Amino acid sequence: MQKSDLDAIDKGRLDKLGVSTSLELGLILPYEYENSILSQTPRLGQLNTLHVKVLSVKKTPKVFQVSFFSEVWGRKIEGVIFGSKPYHQAMFKVDSELIIHGKLQLSGLQMQIIQPKILQTFNTITPKYKSPFQNKTMLALMQKYLSSEQLKEEGLHEHEIGLLHSIHFPNLQEIQTFENNGYLPKQIALLKFCEIYSYLEKLSTKKITFPNSCILTGDEQPFIKALPFTLTDDQETVIADIKRDFLGKTATKRVVMGDVGCGKTMVILSAVMMAYPYKSVLMAPTTILAMQIYEEAKKYLPLHVKSSLVVQESDVKANYEKSDFLIGTQALLFRDIPQCALVMVDEQHRFGTKQRSMLSALVSKNSKPPHFIQFSATPIPRTLSLMQSSLVDFSFIKTLPFKKEIETHIIGKVDFKALIEHIKKEISLHHQCIVVYPLVEESEAIEYQSIEEGRGFWEKNFEDVYVTFGKDKYKEEVLETFREKGSILISTTVVEVGISLPRLTTIVIVGAERLGLASLHQLRGRVSRNGLKGYCYLYTTKSKSERLEAFCKTTNGFEIAELDLKYRQGGDIVGGILQSGKKFVWFDMSEDEGILKEAQKRVEEAKKPPQQKVDD
């Protein structure tokens, strides 16, 4: 279906239906079928169409009764009409012969049809559609745009076209199967395919590539060999992916996904070395995170590669022309920074598209766009990454430099005394604890304590207790001081991202059932960063939570992303792909990866030139 070739009336109608392809139109399904094929035998509990003669009529204050005789069935049937009007008597005249339609049921031993309809035409099956238009208009659109030729052109195979036709243009046997069993598994599989295929087709038109500003040929191997530790296989693989990008003809657009503590910083520094002698820039969401990466850069990069930190407190007039690697917060957007060949964004989901684009524009100085890499410690489900690969390239760091040992427990009020004993023991070992509250101040809407209500207990019973939250303008200073001197930190989820706490072994999350699994995983990822045994306590007043129980059984961020997808149904997983809570009707991201792969293959196939398809 090429919208440019449509007449104005059809185009307007399709626009109003919100469809632009035959496949999208085919996903508007009939809500019922009007089956007027004459029933050769009675089908109790189902709609029947039969030729009858009116034997008698009887009107009472409540009902209008009509006695019919079916010659084919060889028996009488009672018709019952509630709320009858004068015209009913004119329609059902004694001795008249009619085609009637209705649901057949038993009343005692008597067959009965409630509210029988008289049909002017019969032996047809008419799909009924819910739409802004009359049903005959919808039928005309379906006949016109769900032709075999149109559907074949849009990528469906012959047997798939037959399955879609069996939904929109069914025969009697198909209707009876539908009435008895609903859609068949193969029909449902087709609807899933059509939905995700249509989606990927649209997505593929949004992928824009640009010629690169320069090919980056720097050698990262001397830097890697000089490290006092060995990189993991996943780190090496991702570095190879990035190197391949840098040597290509188009500007890099890659997302590097790694679990909490997977060693993304070494990948960042390797990318800087690949870009050298061209300049690189990295934007991080917090000053603390920017400072941590800056310290790592100074520690591990060769002396001839000059790194600079750009945060809010940095000198506005500073000259960064001699810097090879700029590391900063959003302050970068308000500084005069030199042209950079490589732009990187850490914890990319913390920045809006506009901020990321501003940084790219700022360092490109109106020339070709720079190479662009985004890093995220919030793993997304494999299925979602496969979908997003229509827009950007993906790399994954799944293995950790060292094995994390974290115990996760669901606790309630009865476990509080044991929790306090555990925290005292950890503090005696010079370890730290964080208690995460759902709110800063008291709220009647939430049954859990807030920071203001809970802090008194901790400050009374423990020393070196620090408190911070999202709107605390001193939060970064508090976190820094806590890292060096603190025992317990009382906080909101502000600690989810952005600080390394080597001595942190315990985190307590109050009202854990209120948070998504991805957020719980980020919070849990704060502990056991340097190999110490970690503990995560999920405090809840709920007696049972299948979701939290599943979370306790794994520390793998990618498995948790799959669980999050399962429990959240995909609608609120945005990531720039599913917008505003939009949900698929048929396609299930947690189960239909095979269908997605087939759809991706077909989309790619459709893009190939005709000759190439023949050669393949």
Rounded to the nearest 10, the angle in degrees between the Cα long axis of helix 353-364 and the longest principal axis of the Cα atoms of the chain comes to 50 degrees
If you stretched the chain out fully between Leu203 and Asn319, how much longer would it get, using 0.36 nm times the residue separation minus the C-alpha to C-alpha distance?
-> 37.6 nm
Length released on extending from Glu549 to Thr237, taking residue separation times 0.36 nm less the Cα-Cα span | 109.0 nm
Can you list which of the chymotrypsin sites (Phe, Trp or Tyr not before Pro) found in segment 179-234 are DSSP loop residues with at most 12 other C-beta atoms within 10 Å?
-> Phe229
Share, in percent, of DSSP beta bridges within segment 197-348 that are antiparallel, nearest 5 = 10 percent
For each of Phe122, Phe396, count neighbouring Cβ atoms within 10 Å of the residue's Cβ, then give the residues from fewest to most.
-> Phe122, Phe396
Using alpha-carbon coordinates, inclination of helix 475-485 to the longest axis of the chain, degrees | 60 degrees
Assuming a viscosity of 1.567 mPa s and a temperature of 4 °C, what translational diffusion coefficient in µm² per second does Stokes-Einstein assign to segment 406-554, Rh being the Kirkwood radius over Cα pairs?
-> 84 µm²/s
Provide the gained length on full extension for the span Leu55 to Asn135, in nm with one decimal, where the gain is 0.36 nm per separating residue minus the Cα-Cα distance.
-> 25.4 nm
Per-residue HN-Hα couplings for segment 22-36 [Karplus 6.51, -1.76, 1.60; θ = phi - 60°; Hz; x = Gly/Pro] = 5, 5, 5, 5, x, 7, 7, 9, x, 8, 6, 10, 8, 9, 10
Please list, in chain and number order, the residues 5+ apart from Ile434 or on another chain whose amide H is under 5 Å from its amide H, with Hs placed from the backbone.
-> Leu489, Thr506, Ile507, Val508
Name the residues whose placed amide hydrogens come within less than 5 Å of the amide hydrogen of Leu282, ignoring near sequence neighbours (fewer than 5 apart) on the same chain.
-> Leu326, Ile327, Gly328, Met344
Rounded if a/c under 1.5, otherwise prolate or oblate - segment 169-234, Cα gyration tensor axes = oblate
What would the Debye formula give as log10 I(q)/I(0) at q = 0.09, 0.10, 0.16, 0.20 Å⁻¹ for the alpha-carbon point model of segment 1-102, no solvent?
-> -0.44, -0.51, -0.74, -0.97
Of every Cα-Cα pair in the chain, the percent that sits beyond 32 Å = 63 percent
Neighbour cut-off at most 13 other Cβ (10 Å), DSSP loop, trypsin sites (Lys or Arg not before Pro), segment 395-491 | Lys403, Lys471, Lys473
Output the pairs from Lys425/Lys460; Lys424/Lys485; Lys264/Lys306; Lys128/Lys597; Lys11/Lys136; Lys225/Lys306 with a Cα-Cα distance over 25 Å in this structure; if there are none, say none.
-> Lys128/Lys597
If one takes the longest principal axis of the Cα atoms in the chain, at what angle in degrees, from 0 to 90 and to the nearest 10, does the Cα axis of helix 233-246 lie?
-> 80 degrees
For segment 146-191, alpha-carbon Rg over 2.2 N^0.38 Å = 1.16
Segment 518-568 - convex hull of alpha carbons, volume per residue in Å³ = 84 Å³
How about segment 266-355: which GluC sites (Glu not before Pro) there are in a DSSP loop, with at most 10 other Cβ atoms within 10 Å of their Cβ?
-> Glu313, Glu321
Convert 37 °C to kelvin, take the viscosity as 0.692 mPa s, use the Kirkwood radius over C-alpha pairs of segment 121-210 as Rh, and evaluate the Stokes-Einstein diffusion coefficient in µm²/s, rounded to a whole number.
-> 218 µm²/s
For segment 38-118, give the share of DSSP beta bridges that are antiparallel, in percent and rounded to the nearest 5; count only bridges with both residues there.
-> 90 percent
By a straight-distance test (C-alpha under 18 Å), which lysines pair with Lys601 as possible cross-link partners, with residues fewer than eight away in the same chain excluded?
-> Lys152, Lys192, Lys202, Lys206, Lys207, Lys613
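Throughout, read-outs are computed from the coordinates displayed, never taken from laboratory work. This structure is a prediction, so every number in the text was calculated from the model and none was measured. Here Cβ is always computed from backbone atoms with ideal geometry, including for glycine, and neighbour counts include all displayed protein chains.
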